[in-house]
Structure formats: C-alpha cells, structure tokens
C-alpha cells in the first residue's frame, strides 16, 4: 500500500472490526481482520488495543476457551460513540479525496474552478 | 527463535515499564501465540519482527500516548516512530529508570555546561591553593570577563551610592560653607557620571565579549567531555 494509515484511522478500523462481534472478539482475530484490509505488522495492534482500552473505548474480559483463558475485547458505549464519529468524519474526508482524485477540479469552498482557458 | 525465547526476550526488554503494563503485554502475546496455534508460530514470530521491535512499539506508546498520534505512523513497513529506535530499548538492568541520567553530559546540554562553569567559579580559590600555578592561572584568565563584569558592577553601584550621598551632603554643607558644599555636589555628580559610564562599559562587555567567551568555554568543555566519552566507548 502506498498510503500511510494514521493512528486515528487505525483506531477507527479496529473499533469497526470489534463492533462486528456483539459478544466481543480476541486479539488474534482482530489482528487478522485488520490485516484483511490493511497491510500492517502484527506488532502494531497491541498498543492500539491497549490505548483504546485505556480510553474506555474497549472493555476487556477473560473467558475460558480450550482449557485456557482468552482475553476478549468488546466495544463500550464510548467506543460506539467514537466509532460513529469516525464514520462521519471518514465520510467527509474520503468523499473529498475521491472527488479530487477523480479529477473534479473543486476548490475547498466548493466552487468549480473549471479548466485553464 | 521459538515462542519461549521470544517471550523471554520480550519480558526482559519490558523490564523497565510498570508491572501491570508488562503483564498486560505479555498476556496479550501469550494469548496471541495460543490463538495462532503451533503451526503458525514461526510465521507469527517472523511477522512480529524482533522482540526489540515489539518492545519499542509498546514503549513508544506508553511514553507519550498523546504524541503518539503525531509522531507514530502505520506504514506498509509497520509502525514507524522516529522516537523509538530499537537499539535504545534494551534496559541494562531490571527495574532501572528510563536512563535519562546517563544523558546528563551529552553534547549540547547547556545546563550541564553552565553548572560546570558556576562550579569552577566557586571552587577556583580552593583550586588555587591546592594545585596552584598554571591551572588556577588558566582558570583566572578564562574567568577574566566574569570578574571584570562583577568588579565593574560592584564599582558602579558603589559610585552611584557614593555620588548620591555626596550630593545630599553637599546640599547640607551649602548652608554652612557654600564653596565646599558646591564642590561636594560636583564631586557627587562626577561619581554618578562615572558610574553611568561603567554601566555602559559593562553592557558593551556583556553584549560583545560574553557570548564569544561563553561560546569558547562551551566548546572547550564540550571537547573535554566528548573526548572522555569517546574514550569510554572504545
């Protein structure tokens, strides 16, 4: 991928991935899901999850699985609010970028500049 | 490197963060290996990179979670953060701090140099007695502008006070002996004028000479400290 993913966008993607599982999901699966859309190293996800957990966007609980404890992540109310904020922001951002890249010569104030001459 | 070795190294590398943070991270990666399964162990280790890299990322985020948003970037090469160089991540001992104290005498540490200069000023009389001769002379010459400024400053203040006292005394004397009184006032005025001249001289020294002198001193100590460091490294 030629474009870099900022921390906020990665947060948004992780929140979206976690939100798909109502009962919560675990670190390995989150990483694989994120890697499905983004080429990132597996080592990147832990700090993101930890930070989202500290910011009360994610809650953590342990559940027995195959004879051991597995840590699950679940969206909190704050996390859900944050995700909808990210969704709205992404809508605005991505449509602007798409507009420019598609060659509609649009200025920031929305006035069509037209071509040269 | 297998999973056990990876986890052991990671634990060592995280020795200088808090117990809760360390346990949380280790638990996460233990979980991660469990979920990946033995068949994926090698590929997980390969993708995680080195324990150093994993530790660097964890610490970079702990150090400054707010700034992490500004400095860190997730690129196609993974998380990239100019602040977290992998080589700096290995703590020398368990439970050691972030190693800030070691950086005390690094190049460009003005505070350390200023401290050294102040210390020299204070110990210079003792040095004179103990070592005597050349060293104290060198220190004396080095600190000449400093003494000049102090001397001029004290002189100016003394002259100013004396001048005003003379004027006041002269006004009093005028009533009794007019001639002597006027002369005393005149002397007072001269003293004040001299004080003003000294202050002006002092300012010109402070502006012109001191920065130059200070730069030379800084260079000197820098070289001294840097050479020492260089030798220590070898």
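Please treat every number below as a calculation from the coordinates, not as lab data. This structure is a prediction, so every number in the text was calculated from the model and none was measured. Reconstructed Cβ throughout: ideal geometry from the backbone, glycine too, with neighbour counts over all protein chains shown.
If you fit an axis through the alpha-carbon atoms of helix A:27-37 and take the longest principal axis of the Cα set of chain A, what angle between them do you get, 0 to 90°, nearest 10?
20
Along the three principal axes, how long is chain A when you take its alpha carbons, biggest first, rounded to the nearest angstrom?
So the extents along the principal axes, rounded to whole Å, are 73, 29, 20.
On the principal axes of its Cα set, how long, how wide and how thick is segment B:108-233? Give whole Å, largest value first.
So the extents along the principal axes, rounded to whole Å, are 79, 31, 20.
Sort A:19, B:18 so that the residue with the fewest other Cβ atoms within 10 Å of its own Cβ comes first and the one with the most comes last.
On the way: A:19 15, B:18 10.
Arranged by neighbour count, lowest to highest, A:19, B:18 become B:18, A:19.
Can you give the average number of partner chain beta-carbon atoms within 10 Å of each beta-carbon in peptide A:54-65, as a whole number? Present the calculation step by step, with values, prior to reporting the outcome.
On the way: counts 2, 1, 0, 0, 0, 0, 2, 0, 2, 0, 0, 3.
Counting other chains' Cβ atoms within 10 Å and averaging over A:54-65 gives 1.
Taking the Cα centre of each part, how many Å lie between segment A:1-53 and segment B:1-61?
The distance from the Cα centre of segment A:1-53 to that of segment B:1-61 comes to 17 Å.
Under the definition of partner shielding as Cβ atoms of other protein chains within 10 Å of a residue Cβ, what is the mean value for peptide A:3-9?
Details: counts 2, 6, 5, 5, 10, 1, 1.
Average per residue, whole number: 4.
Using the alpha-carbon atoms, what tilt in degrees (0 to 90, nearest 10) does helix A:45-54 show relative to the longest principal axis of chain A?
For helix A:45-54, the angle is close to 80 degrees.
Please arrange A:86, A:93, A:28 by how many other C-beta atoms lie within 10 Å of their C-beta, fewest to most.
Numbers: A:86 18, A:93 12, A:28 21.
Least to most surrounded, the residues fall as A:93, A:86, A:28.
Taking square-rooted eigenvalues a ≥ b ≥ c of the alpha carbon gyration tensor, is segment B:156-225 rounded, prolate or oblate, where a/c under 1.5 means rounded and, failing that, a/b exceeding b/c means prolate? Intermediate results must be reported in sequence, preceding the final value.
Details: a/c = 8.16, a/b = 4.80, b/c = 1.70.
Prolate, because a/c is 1.5 or more and a/b exceeds b/c.
Using alpha carbon centroids, what distance separates segment B:155-222 and segment A:54-89, in Å?
Between the Cα centre of segment B:155-222 and that of segment A:54-89, the gap is 74 Å.
Going by average Cβ neighbours within 10 Å, how do the peptides B:48-54, B:198-204 rank, with the highest at the top?
Numbers: B:48-54: 20.4, B:198-204: 14.6.
Listed from highest to lowest mean packing, they are B:48-54, B:198-204.
Rounding to the nearest 10 and keeping the result within 0 to 90°, find how far the Cα-based axis of helix A:77-101 lies from the longest principal axis of chain A.
The helix A:77-101 is inclined about 30 degrees to chain A.
Quick one: order A:63, B:183 by neighbouring beta-carbon count within 10 Å, fewest to most.
Working: A:63 11, B:183 14.
By the 10 Å Cβ count, ascending, the order reads A:63, B:183.
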